[in-house]
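The values are calculated or read from the model by the stated rules, or taken from the named source; none is laboratory data. Keep in mind the model is a prediction, meaning the values are calculated, not measured. Ideal geometry is used to build each Cβ from the backbone, glycine not excepted, and the neighbour counts take in all protein chains shown. Ligands, DNA and RNA are stripped out before the accessible areas are found, and what is left, the full protein with its side chains, is counted by its heavy atoms. Shrake-Rupley method; radii C 1.70, N 1.55, O 1.52, S 1.80 Å.
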Amino acid sequence: MIGPDIAGIAATLGTAADTATAIPQLAAETGLDVDAAYAVQAALLQRRLDRGERLVGLKMGLTSKAKMTQVGVDEVIWGRLTDAMRVPDGGTVDVTDFIHPRVEPEVAFLLDRLPEPGEPVGDFTDAVRAVAPAIELIDSRYANFSFSLPDVVADNTSAAAFVVGPWSPVPDGLENLGVLLEVDGRLAQVGSTAAILGDPRRALDEGIRLAGRHGVRLREGWVFLAGAATAAVPLRPGAQVRAVVEKLGTASLKASS
Ligand code: OOG
Ligand code: MG
């Protein structure tokens with residue numbers, strides 16, 4: 001049997017992202033399973049590398065119940081981050097670059113020495129040099145932000161842009177820090193890092209394990225987004241967004257009007 005057309009699906013998703021145009025879901029129709037979807041993701045990364053972008057990290061998705069419930073998919077997933085997706089802290093994003101952008105508060109890790117493949121993370125502070133508040137801007141390429149598990153994996157887990165706030169040494173109590181998302185100075189979401197797999201450190205174990213299944217090894221110097229602690233909120237033109245994580249401070253971005 002001939003499998004799904006990985007390159008063709010990657011081209012469809014890549015063009016949807018480049019032109020900020022929503023497309024219908026495609027996994028069911030093309031017979032795309034999760035493994036093939038990660039192959040599409042790798043092909044999408046290659047497209048970006050071919051145009052000069054650099055792989056700078058990895059993001060986890062659906063590591064909290066709030067996120068799983070919001071999108072109706074209940075498996076932990078991961079995606080790739082490139083330098084072109086990074087927005088400076090306090091920077092402005094052009095809303096016309098996106099289809100239906102949403103923002104969510106995250107915690108970022110700056111990776112240090114990672115264990116050999118197959119070995120567990122021993123001391124978290126050996127593997128992680130620093131921690132920061134972050135905002136992820138997600139933008140599903142599928143109409144209505146509606147997708148199945150293989151669809152969202154193929155779409156690089158809706159990754160579109162991210163902001164990392166100031167780095168701090170790993171604080172005490174990382175497993176239960178308050179998290180807020182503010183839009184235009186008003187509270188939009190509230191949660192705790194405990195919502196991220198019970199402890200965001202677990203997201204790193206999961207990232208190493210799940211990416212390792214597809215031959216991807218995390219690297220020293222990479223940014224690692226542990227996954228949103230709360231549901232995401234739509235990013236409206238002109239909005240000023242701030243994520244606040246207790247003990248870590250804030251990350252912010254502005255949307256063009
Ligand atoms: C999928 C990406 C999920 C997270 O932090 O949970 C994600 C989506 O919500 O479209 O990035
Ligand atoms: Mg996210």
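If you check T96 against the conditions, is it within 16 Å of ligand 2 (Cβ to nearest atom), hydroxyl-bearing (S, T, Y) and open to solvent by 10 Å² or more (accessible area, probe 1.4 Å)?
No: the conditions fail for T96.
Residue by residue through the range 201-238, note down the ones that are within 12 Å of ligand 2 (Cβ to nearest atom) and closer than 14 Å to K59 by Cβ.
A203, F224, L225, A226, G227, A228, A229, A232
Name the one entry in V87, V73, V103 that is away from ligand 1 (no atom under 11 Å from the Cβ) and surrounded by 15 or more Cβ atoms within 10 Å (Cβ to Cβ).
V87
Name the single residue that is nearest to S140 (Cα to Cα) among those in the range 7-17 being surrounded by fewer than 18 Cβ atoms within 10 Å (Cβ to Cβ) and in contact with a helix residue (DSSP H, G or I) (Cβ under 9 Å, 6 or more places away or on another chain).
Top of the filtered list is A11.
For the range 148-191, which positions are within 15 Å of ligand 1 (Cβ to nearest atom) and of a type in the set (G, A, S)?
Once the filter is applied, which keeps residues that are within 15 Å of ligand 1 (Cβ to nearest atom) and of a type in the set (G, A, S), the range 148-191 yields S148, A154, S158, A159, A160, A161, G191.
Go through (1) free of Cβ contacts under 8 Å to residues at least 40 places away in the same chain; (2) part of a loop (DSSP other than H, G, I, E, B); (3) charged (D, E, K, R) and name the single condition R219 misses.
Result: R219 passes all but (1).
I'm told L181 meets every condition in (1) open to solvent by less than 20 Å² (accessible area, probe 1.4 Å); (2) more than 19 Å from the chain's Cα centre (by Cα) except one. Can you identify the failing condition by its number?
(2)
When the residues of the range 48-93 are filtered to those that are within 11 Å of ligand 2 (Cβ to nearest atom), in a strand (DSSP E or B) and not small (G, A, S), which remaining residue is farthest from I135 (Cα to Cα)?
I77
Which of the residues spanning the range 144-159 are within 21 Å of A255 (Cα to Cα) and surrounded by fewer than 23 Cβ atoms within 10 Å (Cβ to Cβ)?
Within the range 144-159, N144, F145 meet the criteria.
Tell me, please, whether a residue that is touching a Pro at 6+ places or on another chain (Cβ under 6 Å), at pLDDT 95 or above and within 16 Å of ligand 1 (Cβ to nearest atom) can be found in the range 197-217.
Checking the range 197-217: not a single residue is touching a Pro at 6+ places or on another chain (Cβ under 6 Å), at pLDDT 95 or above and within 16 Å of ligand 1 (Cβ to nearest atom).
Condition check: assigned to a strand (DSSP E or B), under 26 Å from K247 (Cβ atoms) and among the basic types (K, R). Does R113 satisfy that?
No: the conditions fail for R113.
P150 fails exactly one of the following numbered conditions: (1) within 21 Å of D97 (Cα to Cα); (2) away from ligand 2 (no atom under 16 Å from the Cβ). What is the number of that condition?
Answer for P150: the failing condition is (1).
So, of the residues in the range 221-237 that are farther than 13 Å from L137 by Cα, in contact with a strand residue (DSSP E or B) (Cβ under 6 Å, 6 or more places away or on another chain) and not β-branched (V, I, T), which turns out to be surrounded by the fewest Cβ atoms within 10 Å (Cβ to Cβ)?
Within the range 221-237, the match that is surrounded by the fewest Cβ atoms within 10 Å (Cβ to Cβ) is P237.
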